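Here the structure is laid out as structure tokens; the discussion comes afterwards.
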Amino acid sequence: MKKKRASIAVLAFFAAFLLGDVAWFDLLQGFDNRLADALLRLDGRSHEADPDIVLLVADERSVTVIGEEIDRWPWPRDVFGEVGRAIADQKPAALVFDMAFADPDLARPKSDETMGALLAGVPNVYFPLVRQDPSGDPWGVSLRALAPYVGLDPGFAPDAKANILLPRALRRDVWRLGAINFLPDSDGVGRRYALRVDVHGWPLPTLGARVAQDLGYRVPNRDDIVLAWPSAVHRTISFVDVLDDVRRVKRGEASLRPAAEFTGKIVLIGANATGVSDLHPTPRGSSEFGTDIVATAIDNLKHRDFLGTAPRVVTAAIGVALLVAIWAAFWVGLNSLAVAAMLILATATLYGVAYLALGQRIMMHIATPLLSAWASYAVLGLMTYVAERDLRLRTTQMFSRFVNPVVVAQLLAEGGFPREAEARDITVMFCDIRGFTTLSERMEPRALIDLLNRHFGLHVELIFRHQGTLDKFIGDAMMAIWGAPVDDPRHAEHAVACTLDMVDALQRFRRDLPPELSAFDIGIGLHSGKAIVGLVGPDRRPEYTAVGDTVNVASRIEGLTVTVTANIRNEALAADRLHTANHSSETSNVCASTESCRILVSEETRQRAGDAFDFVPRGHYKVKGRSLEVDVYEPKRRKR
């Protein structure tokens, strides 16, 4: 009961921890995130990037070549204007600059004007803004004045200001703005993409959400989405390749690139070179190109394949179900390895379900319930191990006194000694030393104890050898049982065989005794039947024993051995006298007056022993506690 109460406490603890963590604490969120990342990478293998989203990248080669031919980074703004205008002429779906252009080019002020002039009138060009440290808000820009450039009605807090980085190097008539703030989780990894940034009640759209909204894609009414990552980045073109082609055309040469390369495409222009890269950790990798994060968000919004998250109640229900299943398995006594196998199967199943759920664009957080389940398994398994170790120790200590070590090993293999008393069909043996009182009066105490120990040691070894269980010593008597605690369908046969060996051993034992102990003898009684077998006594000192009528009858039969022996001798003496009277001139050869009946068995034992022995009837007797007389027999080995 203590073990079961402890297991209930473990279940309650882990269930409370799980529910608390799912509802409030998120202590295991990091494990959930890493597991989700692994599943997302696996799912991304079948998720291709949208070919109509193109990245134009200022990569290492572009920075090197343009730095040698035109100017080092940052390049003159008219370079971006030329390329942007050429792409705009191909009528892309959107032209998105993922570059701040926050500070005017003081060294080349005309390049800013040129870029603005080149992009003026382009209806679908977009630039980023960055929400900066809120402590600078009192000196920031008016959000009401900013509203037209972010596509908001000026109906929110009219006096609000915010510290926002804007593309001030460019003319305001080309501003179509969206925020590009990175939204990392607590471990620094960007798994979500913000759709809006709340600034004093103003829901400033992010760059990806603004582009998607203007292109007619349905943007969900929420703060962020969980991104579904394609297997690789979107199609990427080196900036210098397009710039070279633009200038080639300006020189009157034929273009070497497709005429409608960007028609209908969403083109994002960003930098991805050493010293100018905007890199962030994401589930797809530790250094994800910031522009491709925006591209992935637009891709997800276009195809509506961003991820939803399974409700927390589902996570909690999965975890509680696992905890209850593990607890129930241990409660009913399943082996720890079997429970582990079940939990491994459940873990694999949940992984499979979570992966399939990604195909339905649902992210399931299963790490928290799985970790809770495995932790509870570890605790309950340890408790079971300790309990089984204690049980093994108690079983060994208790039964090694009573039964053969082979039987102890069998008991342990079967789960230990029986915890509840039970009715069993057994054979009970009582063995008593005849005339012990007289014997004890003639012997010194030390010599008497030595005699008893030798006698008991000899016969206990035989009891163990014949698969019996030593029940107890009662002064000079001993009680043994067959058929418990381990089942033995031949318990009566084994018991009779044991008593015959005991008598043989007695003869050898007596040969080593001094002459004054030549009368040392024993009586043995056997009876078979139903008895209640189990632990009896206080919790600290229980004894394994058998109680009931079967035990009482066996004891009474042992007492009859003296009576039967006397009857046998009287009958032998009478026969001897009769023989002498009839044949006075002959010497008697009967010599039966010294015969002793040392073993008596009941009719029930005789029947259960079958044909393994011969049985000599020795009459029927009235015994105390029984209304019917008891038939007794003396067993003999069959002659071969």
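The values are calculated or read from the model by the stated rules, or taken from the named source; none is laboratory data. Treat the numbers as computed from the prediction; the structure is a model and nothing was measured. Glycine gets a Cβ as well: all are built from the backbone with ideal geometry, and neighbour counts include every protein chain shown.
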- Pair list, Cβ < 8 Å and 6+ apart or interchain, from the range 524-536 residues that are touching a residue at least 40 places away in the same chain (Cβ under 8 Å) and in the same structural domain as residue 633 (by TED's automatic domain parsing) to residues that are among the acidic types (Asp, Glu) and not in a strand (DSSP E or B): 524/558; 525/558; 527/604; 528/604; 529/549; 529/604; 531/549; 534/420
- Note on the structure: Pairs returned, first residue in the range 65-89 that is in the same structural domain as residue 174 (by TED's automatic domain parsing) and closer than 24 Å to residue 258 by Cβ, second residue that is polar (S, T, N, Q) and assigned to a loop (DSSP other than H, G, I, E, B), beta-carbon separation under 9 angstrom, 6 or more apart or interchain, are 88/124
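Please state which one of 362, 344 is farther than 24 Å from residue 7 by Cα and surrounded by fewer than 19 Cβ atoms within 10 Å (Cβ to Cβ). Give the steps one after another, and end with the answer.
Values: 344 fails: farther than 24 Å from residue 7 by Cα.
None of the others qualify; the one that does is 362.
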- Task: Identify, from the list 275, 290, 359, the residue that is under 29 Å from residue 235 (Cβ atoms) and touching a strand residue (DSSP E or B) at 6+ places or on another chain (Cβ under 9 Å).
- Result: 290
- Note on the structure: Among the residues of the range 62-77, the number that are in a helix (DSSP H, G or I) and buried (at least 16 other Cβ atoms within 10 Å of the Cβ) is 5
- Note on the structure: Checked 21, 32, 43, 59 against criteria (under 30 Å from residue 275 (Cα atoms), surrounded by 15 or more Cβ atoms within 10 Å (Cβ to Cβ) and among the acidic types (Asp, Glu)); the one match is 59
- Message: What's the total number of residues in the range 552-606 that are polar (S, T, N, Q) and either within 17 Å of residue 621 (Cβ to Cβ) or modelled with pLDDT of 95 or more (or both)?
- Response: 9
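For (1) closer than 22 Å to residue 126 by Cα; (2) at pLDDT 90 or above; (3) touching a Gly at 6+ places or on another chain (Cβ under 8 Å), each residue gets a yes or a no:
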{"residue": "35", "(1), (2), (3)": "no, no, no"}
{"residue": "45", "(1), (2), (3)": "no, no, no"}
{"residue": "53", "(1), (2), (3)": "yes, yes, no"}
{"residue": "60", "(1), (2), (3)": "no, yes, no"}
{"residue": "66", "(1), (2), (3)": "no, yes, no"}
{"residue": "78", "(1), (2), (3)": "yes, yes, no"}
{"residue": "82", "(1), (2), (3)": "yes, yes, no"}
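Residues checked against (1) surrounded by 16 or more Cβ atoms within 10 Å (Cβ to Cβ); (2) at pLDDT 80 or above; (3) under 30 Å from residue 464 (Cβ atoms):
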| residue | (1), (2), (3) |
| --- | --- |
| 369 | yes, yes, no |
| 378 | no, yes, no |
| 398 | yes, no, yes |
| 412 | yes, no, yes |
| 420 | no, no, yes |
- Message: So, restricting to strands (runs of 3 or more DSSP E) that lie completely within the range 264-313, which ones have at least 3 residues that are within 42 Å of the chain's Cα centre (by Cα)?
- Response: 279-282, 285-289
- Message: Is it the case, given these coordinates, that residue 516 is assigned by TED's automatic domain parsing to the domain that holds residue 626 and under 20 Å from residue 634 (Cα atoms)?
- Response: no
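For residue 49, are the conditions met, namely being closer than 30 Å to residue 216 by Cα, out of contact with any His (no Cβ under 9 Å at 6 or more places or on another chain) and either part of a loop (DSSP other than H, G, I, E, B) or of a type in the set (A, V, I, L, M) (or both)? Step through it out loud before you land on a result.
Working: closer than 30 Å to residue 216 by Cα: yes; out of contact with any His (no Cβ under 9 Å at 6 or more places or on another chain): no; either part of a loop (DSSP other than H, G, I, E, B) or of a type in the set (A, V, I, L, M) (or both): yes.
No: the conditions fail for residue 49.
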- Query: If the Cβ limit is 9 Å and pairs must be 6+ apart or interchain, which residue in the range 430-455 that is assigned by TED's automatic domain parsing to the domain that holds residue 479 and crowded, with 17+ Cβ neighbours inside 10 Å pairs with which residue that is modelled with pLDDT under 85 and of a type in the set (Ser, Thr, Tyr)?
  - Reply: 434/596
- Item | Residue, farthest from the chain's Cα centre (by Cα), within the range 89-115, restricted to residues that are surrounded by 20 or more Cβ atoms within 10 Å (Cβ to Cβ) and in a helix (DSSP H, G or I) | 111
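Matching residues to (1) in contact (Cβ under 8 Å) with a residue 40 or more places away in the chain; (2) surrounded by fewer than 23 Cβ atoms within 10 Å (Cβ to Cβ):
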{"site": "192", "(1), (2)": "no, yes"}
{"site": "198", "(1), (2)": "no, yes"}
{"site": "202", "(1), (2)": "yes, yes"}
{"site": "211", "(1), (2)": "yes, no"}
{"site": "222", "(1), (2)": "no, yes"}
{"site": "229", "(1), (2)": "yes, no"}
- Task: Check off (1) assigned by TED's automatic domain parsing to the domain that holds residue 54; (2) surrounded by 15 or more Cβ atoms within 10 Å (Cβ to Cβ) for residue 279 and give me the number that stays unchecked.
- Result: (2)
- Item | Close pairs from the range 603-624: first within 18 Å of residue 565 (Cα to Cα) and part of a loop (DSSP other than H, G, I, E, B), partner small (Gly, Ala, Ser) and modelled with pLDDT under 95, Cβ under 9 Å, at least 6 apart | 623/559
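For the range 459-474, which positions are without any contact (Cβ under 8 Å) to a residue 60 or more places away in the chain and surrounded by 15 or more Cβ atoms within 10 Å (Cβ to Cβ)? Steps first, please.
As a first pass, look at the range 459-474 and keep what is without any contact (Cβ under 8 Å) to a residue 60 or more places away in the chain: 459-463, 466, 473-474.
Within the range 459-474, 459, 460, 462, 463, 466 meet the criteria.
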- Examine the range 513-525 for a residue that is within 19 Å of residue 601 (Cα to Cα) and out of contact with any Lys or Arg (no Cβ under 8 Å at 6 or more places or on another chain), and state whether such a residue exists. no
- Applying the selection to the range 178-208, what residues are within 21 Å of residue 281 (Cα to Cα), of a type in the set (A, V, I, L, M, F, W, C) and over 42 Å from the mean Cα position of the chain (by Cα)? 179, 180, 207
